[in-house]
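All remarks here apply to the structure that follows.
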Amino acid sequence: MSDSDKPVPIIAPPLDHVPRLPLSEAAYAKLRLQRLVEREERVRAEERLSGWVVEKMVDGTKERDCAEWEKRLGIGGSLRRDAIEWILEVGRSLSNARC
């Protein structure tokens with residue numbers, strides 16, 4: 001029997017395999033964030049830490065969450081606003097320098 005006469009094995013997926021379309025970039029990013037939050041919750045539970053940060057991340061950021069962060073970090077709203085203004089100023093300077 002020559003090489004051309006030998007049967008070629010057929011490689012097939014398992015019978016219970018259901019093919020799925022690839023995830024979009026947004027869906028993949030969301031999945032990664034969900035896994036990150038789950039991992040953070042697991043580590044916090046292992047270390048017996050409070051879960052308030054994870055709960056706030058899952059619920060989404062709202063104005064009252066900013067006040068909660070400011071209170072827990074011991075900073076005022078003005079420091080947060082100053083930091084954001086500085087970040088925007090530096091970002092503008094960098095983008096102008098590239099032009």
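State whether the residues of the range 39-51 include one that is aliphatic (A, V, I, L, M) and at pLDDT 75 or above.
For the range 39-51, residues aliphatic (A, V, I, L, M) and at pLDDT 75 or above: present.
Given the conditions (1) β-branched (Val, Ile, Thr); (2) assigned to a loop (DSSP other than H, G, I, E, B); (3) at pLDDT below 85, which single one is not true for residue 18?
Tallying (1) β-branched (Val, Ile, Thr); (2) assigned to a loop (DSSP other than H, G, I, E, B); (3) at pLDDT below 85, residue 18 fails exactly one: (3).
The values are calculated or read from the model by the stated rules, or taken from the named source; none is laboratory data. For clarity, every value in this text was computed on a predicted model and none was experimentally measured.
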